Structure formats: structure tokens, C-alpha cells
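The values are calculated or read from the model by the stated rules, or taken from the named source; none is laboratory data. The shown structure was predicted, so the numbers you read here are calculated from the model rather than taken from an experiment. Here the Cβ is made from the backbone with ideal geometry for all residues, glycine too, and neighbour counts use every protein chain on show.
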Amino acid sequence: MKLAALSVDLDEIGCYAAIHGLDVPSECANAIHDRAVPRLAQFFARQGVPATFFAIGADLERPENAAAVRGLHAAGHEVANHSYSHFYDLTRRSRDEVRMDVLRGSEAIERVTGAPPVGFRAPGYTLTDDVLSVLDELGYLYDSSVFPCPAYFSAKTLAIAAIRARGRRSRSLVDDPRVLLAPADPYRSGTPYWTRGRGILELPIGVTRDGAGRMPYIGTSVVLSGAAGARVLTELAVGRPLVNLELHGIDLADADEDGLGWLKPHQPDLRRSARSKEAALESAIATLRRHGYTFVTLADAARRLG
């Protein structure tokens, strides 16, 4: 069984401003839901790919955002929980606070789609055993937050330090470095969460094969590689039972068309047009299909692999 899943974290522009310590111009505060989500919906429809969208509960309080996410659900895509508040420091809060935030996110999604979410992804990919125990208690089918990628871990650590050196404060946090020891293929989580056990099913964020250095196989690396590079990078991920390509809404945002030129110096993916990024993703999808992968939502993957 060879499965591939494309998921999209619907982090709104304010999340990126928080990472880089910037203020958000009001006119583009909802560019992800207003501009990128329609592009993503059209792209997945053309490709015939069911996707999983991780929605932030608080963003669904805006009627236009709720309508956009309701449309994704109606089109057959999965809507999963990316927390209610997208606190980057969620893992530093009490278990009761974690439970409340996860539960509020779940309730917000169910109000919009009519279906409770069965999957969760933590803000910034950071986890704790408490977070997973809350998901288990609330009856979640899977988590997809573990990112055992040395290159990403190092780059994120350096980026946070560089932002601090410029006199700004990033709200982003790094995970426990022992997460790099976690399996890169689906596993039942143990205690601690980077070990195997009998807990909730973990669907790790995509990395290339272990023999290829566990390089990041995520939207940013794919779209910045261009069509030819995306093909090569995908070949290095082929062989895993689940290729879990995680994107963000900003991966199909366009700096010029969406009024995000102010963010372009801080977000390398915004230096590529939406059309060029689509071409890279098309190349990745075609490569996976050529290798016999079937595209499913993460919920479907969890049911088949669990």
C-alpha cells in the first residue's frame, strides 16, 4: 500500500507576522482565506486530489473565512483542527488550557462543517505528551505534528536567533531536539511522544528517506525547488508507505497579486509567483502518481494504516 496525502495549514497572515515580529496591514490580514484558499481549491480540483485542511478555530469567527472552509468540506476535502488560537507556546501552557484550546477549535470546525474533526496538527509542529493525551481523551483519530527533520530544526533555531538579533521578538518556538529521533513513518505514539507505544496514531510531517538525510519534504522546499527540483526531491521521498506533503496556505499566495510585498523579504516562498509554485506542486504530484501512490486525506490514511 503506497499512500500520499497533501495537507494545508491555514495559518493566516498574522501568524507569519508573529514569527517575524511584524505588524500586519489591515487590508491583507485575511489574504490566505480570501485569495490563497480559492487557488488551492481550484488546484486540487484540477489535480483530482482530496486534501486535508488544518483550520484555526478563531479564524472561523469571520463569516468569509467560515464560508471558504465550508466550501472545502463540501468539495470533499477533510477539515482538521489546527487549534483554536494557534498559540505558538501551546506546549508551555497547562493541560487544562491545552484541552480548552483543542476543544474550542474542534467545536468551531463542527459549527462550520457539521462534522467534528478527527485529526490535529499543533502550531509550529511542537508537541508534548500532554497534548497527545488530550487528543486521545477527546477521541481524535490521529495527530500529524511530529517533524523529525534535522535541517528544518537547525534552520528554525537559527532563524529565531536572527530575528532576535535584529531586535524583534519571534513567537515561534523550537521543539525538544529529541523529536529528531522519532520515526519518520506512521507510528503509535508512546511516552515520550517521539517513541513508539500504544497511543494515538502519529502521521509525521514528510521528510525524504532516511538514507537521503531526512530532508524536509514540505511545501516550502517543494515550491522553492521549482518543477525540476520538486521532481528530484519527490524521488527522494518515494518509498515511504505514507508520503505526507504538508503545505501552508501561503504556498499558493502571490506577493504581487495579494498585497503581500511587505512580507516578501521575510518569506522566501513569496518570492515565487503562485503559478510557478503550482507548477512545482504539479511536478511532485505527477512523480508520486508515476510511482503508484494513491492520494487520500490524512483521515483516510489513518484509517488504512491504523
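Taken together, G124, G119 contain a single residue that is within 14 Å of the chain's Cα centre (by Cα) and either β-branched (V, I, T) or at pLDDT below 95 (or both), which is G124.
Each row is one residue, and each column tells you yes or no for (1) of a type in the set (G, A, S); (2) assigned to a loop (DSSP other than H, G, I, E, B); (3) under 30 Å from A29 (Cβ atoms).
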| position | (1), (2), (3) |
| --- | --- |
| P204 | no, yes, no |
| G211 | yes, no, no |
| V223 | no, no, yes |
| A228 | yes, no, no |
| R231 | no, no, no |
| E235 | no, no, no |
| L245 | no, no, yes |
| I250 | no, no, yes |
| A255 | yes, yes, yes |
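When residues in segment 287-306 are screened for being in contact (Cβ under 8 Å) with a residue 12 or more places away in the chain and assigned to a helix (DSSP H, G or I), 10 of them pass. Restricting segment 38-68 to residues that are surrounded by 24 or more Cβ atoms within 10 Å (Cβ to Cβ) and among the β-branched types (V, I, T), the residue that is farthest from D251 (Cα to Cα) is I56.
Pairing each residue of segment 132-145 that is touching a residue at least 12 places away in the same chain (Cβ under 8 Å) and closer than 12 Å to R188 by Cα with any residue that is among the hydrophobic types (A, V, I, L, M, F, W, C) and part of a loop (DSSP other than H, G, I, E, B), provided the two are 6+ apart or on different chains, yields C-beta distances under 8 Å for L141/V118; Y142/V118; Y142/L203; D143/A122; D143/L127; D143/L203; S144/L203; S144/I205.
Scanning segment 125-146 for residues that are surrounded by fewer than 19 Cβ atoms within 10 Å (Cβ to Cβ), assigned to a loop (DSSP other than H, G, I, E, B) and out of contact with any helix residue (DSSP H, G or I) (no Cβ under 8 Å at 6 or more places or on another chain) turns up just one, G139.
Kindly check whether there is at least one residue in segment 73-86 that is farther than 28 Å from A286 by Cβ, part of a helix (DSSP H, G or I) and either polar (S, T, N, Q) or in contact (Cβ under 8 Å) with a residue 40 or more places away in the chain (or both). There is no residue in segment 73-86 that is farther than 28 Å from A286 by Cβ, part of a helix (DSSP H, G or I) and either polar (S, T, N, Q) or in contact (Cβ under 8 Å) with a residue 40 or more places away in the chain (or both). Suppose we keep only residues that are among the aliphatic types (A, V, I, L, M) and more than 19 Å from the chain's Cα centre (by Cα) within segment 104-116. Which one would you say is surrounded by the most Cβ atoms within 10 Å (Cβ to Cβ)? Of everything passing the filter in segment 104-116, V112 is surrounded by the most Cβ atoms within 10 Å (Cβ to Cβ).
Within segment 63-73, at least one residue is in contact with a helix residue (DSSP H, G or I) (Cβ under 6 Å, 6 or more places away or on another chain) and basic (K, R). For segment 19-38, the candidate set comprises residues that are among the small types (G, A, S) and closer than 29 Å to T297 by Cα; within that set, the residue that is farthest from the chain's Cα centre (by Cα) is A29.
Picking from residues in segment 266-283 that are touching a helix residue (DSSP H, G or I) at 6+ places or on another chain (Cβ under 9 Å) and not in a helix (DSSP H, G or I), the one that is surrounded by the fewest Cβ atoms within 10 Å (Cβ to Cβ) is H266.
Restrict the check to segment 75-94 and report whether at least one residue is over 21 Å from D143 (Cα atoms), of a type in the set (F, W, Y) and either surrounded by 18 or more Cβ atoms within 10 Å (Cβ to Cβ) or in contact with a His (Cβ under 9 Å, 6 or more places away or on another chain) (or both). Scanning segment 75-94 turns up no residue that is over 21 Å from D143 (Cα atoms), of a type in the set (F, W, Y) and either surrounded by 18 or more Cβ atoms within 10 Å (Cβ to Cβ) or in contact with a His (Cβ under 9 Å, 6 or more places away or on another chain) (or both).
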